[in-house]
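First comes the structure, then the notes that go with it.
The values are calculated or read from the model by the stated rules, or taken from the named source; none is laboratory data. Given the structure is predicted, the values throughout are model-derived calculations rather than measurements. Here the Cβ positions follow ideal geometry from the backbone for every residue, glycine too, while neighbour counts run over all protein chains shown. The protein model used for the area step is the full one, side chains on, heavy atoms only, and it has no ligands, DNA or RNA in it. Shrake-Rupley method; radii C 1.70, N 1.55, O 1.52, S 1.80 Å.
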Amino acid sequence: MLKIENLTVAIGDKQVLRNINLEIAPGETHVLFGPNGTGKSTLLGTIMGFERYKVVSGKIYFKGKNITDLPCFERAKLGIGVMIQRPPTIRGLSLRKMVELCGAKAEQVDKLAKTMEMQNFLDRSVNEGFSGGELKRAELLQLMAQNPEMLLLDEPESGVDIENIALVGHVAKQIIQGQGHSALIITHLGHILNYVPATHAHILYNGEITCQQDAPMEVLKCIEQSGYSACVAGKCVVDKCASCNNKLCGR
């Protein structure tokens, strides 16, 4: 579904990501952990094709197609969708029209909006005056209309209460459970993993992917108990971790 080869990325003159290699197969959900400022959002933005991220070297493939130089809208057409932390306000464009632009037929919009409890927001400008939870629900409404094969979620728990986390989680799971759909999720707290089962975990540390495991919840426990640096150094031990013989990030 997604393959990243030796990817190095810069923002302006600053190199943020170095030699990133990652593969996500159809039907897999991968979770990305890491400290603030280590490049997690940069990775998702680069996959999506946001212009501020400059690919210095390496390749990005989606469903076997080299998309490294494709603009953002072409990647969206191919089936990549993203939920970012701070979506922009778009004054003058109604949420209803935005959902139609994302792929929903006019007669479907109200039904989708009811699912996300956003029916009273359809005739307002996109994200104008929305609370944190409303922003997340509006983004998910757009993603439901798009129905992407590859879903990128950047800290979906950020700025929302427990009730909205549950709603975000259930809808994200619904999108991901489409036939062969996949996801890459950034999370600090791991709450989203209570609703969206992940198959693989990675730690992005100082701009590099340093650990890759198939036990996401155990990796999260490792981080909570000993911190990122211990995991990266191979010093993190979690009791009864059968998948990796009690050593999650051995190097």
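Some points to look at:
- Answer residue from segment 82-104, given it is aliphatic (A, V, I, L, M) and not in a loop (DSSP other than H, G, I, E, B) and is most open to solvent (accessible area, probe 1.4 Å) among those: 101
- The one condition from (1) within 21 Å of residue 33 (Cβ to Cβ); (2) assigned to a helix (DSSP H, G or I) that residue 164 does not meet is (1).
- So residue 142, is it polar (S, T, N, Q), open to solvent by 30 Å² or more (accessible area, probe 1.4 Å) and assigned to a helix (DSSP H, G or I): no
- Taken across segment 8-26, residues that are surrounded by 17 or more Cβ atoms within 10 Å (Cβ to Cβ) and in contact with a Pro (Cβ under 6 Å, 6 or more places away or on another chain) do not occur at all.
Residue-by-condition table, conditions (1) closer than 29 Å to residue 22 by Cα; (2) at pLDDT below 90:
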{"residue": "109", "(1), (2)": "no, no"}
{"residue": "115", "(1), (2)": "no, yes"}
{"residue": "158", "(1), (2)": "yes, yes"}
{"residue": "169", "(1), (2)": "yes, yes"}
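- Some residue of segment 204-223 being closer than 14 Å to residue 35 by Cβ, open to solvent by 60 Å² or more (accessible area, probe 1.4 Å), modelled with pLDDT of 75 or more and in a helix (DSSP H, G or I): no
- When 68, 46, 38, 42 are checked against the criterion of being over 30 Å from residue 132 (Cβ atoms) and either polar (S, T, N, Q) or open to solvent by less than 20 Å² (accessible area, probe 1.4 Å) (or both), a single residue qualifies: 68.
- A Cβ distance below 7 Å, combined with a sequence gap of six or more or placement on separate chains, defines the contacts here; from segment 146-163, residues that are at positive phi reach residues that are β-branched (Val, Ile, Thr) in the pairs 147/175; 155/186; 155/187.
- Unique residue being in contact (Cβ under 8 Å) with a residue 12 or more places away in the chain, within 20 Å of residue 172 (Cβ to Cβ) and of a type outside the set (Lys, Arg) when the list is 39, 103: 103
- Leading residue by the ranking (surrounded by the fewest Cβ atoms within 10 Å (Cβ to Cβ)) among those in segment 167-194 that are out of contact with any Gly (no Cβ under 6 Å at 6 or more places or on another chain) and part of a loop (DSSP other than H, G, I, E, B): 179
- Counting only residues that are surrounded by fewer than 22 Cβ atoms within 10 Å (Cβ to Cβ) and within 17 Å of residue 84 (Cα to Cα), segment 105-128 holds 2 of them.
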